[in-house]
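As structure tokens, the structure follows; a few thoughts come after it.
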Amino acid sequence: MYKYVLKIVGCSYGVLGVLNLSIFLYWVIFGPPIESFSPKFIVVVFGAPLLLASVSFMIAYSFWKLKKWGRYLAISANGIWILVVILTFVIGDESGQGLLEITIPVFLFSLVFLALPIAIIVLCIIPQVRILMN
């Protein structure tokens, strides 16, 4: 059963990779969404979708072919994603007014938004999946 779940998760990461790659190609062809980016920030704007696409494709391949390193990559990538979301609340908004106001809708959205990375991490540490991906 876990073999099919891993294949579905791999396909999902493949779709995520295609979406991020399409964002990158759209910005290369038509320009970034805001024209007033500084040269240092433009690297982040173009690099983020490309990095997310490459990591997504690697996770998709590793889950489809049941590679051992794919578990570690998925745990790392999803852990970093969770850390980024949490740091967004800790650091605050870009206006410099401190912490973002965490209302009930924002909290629920964040909880739902973080449920998938947490579920992938839990999936990767299940003993049957660990055995299957060795």
**Item:** All lysines inside 22 Å of K67 as judged from Cα atoms, apart from same-chain residues fewer than 8 positions distant
**Value:** K3, K7
**Asked** What is the distance in Å between the Cα centres of segment 65-92 and segment 110-134?
**Response** 11
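Using just the helices of the chain, give the 222 nm mean residue ellipticity in deg cm²/dmol: DSSP H runs with n ≥ 4 each add -39,500 (n - 2.57), and the total is spread over all residues, rounded to 500. It would help to have the intermediate numbers written out before the result.
Numbers: 5 runs with 108 residues, N = 134.
That comes out to -28000 deg cm²/dmol.
Every number here is computed from the coordinates shown, using simple stated rules; none is lab data. Here the structure is a predicted model, which means the values were calculated and not measured.
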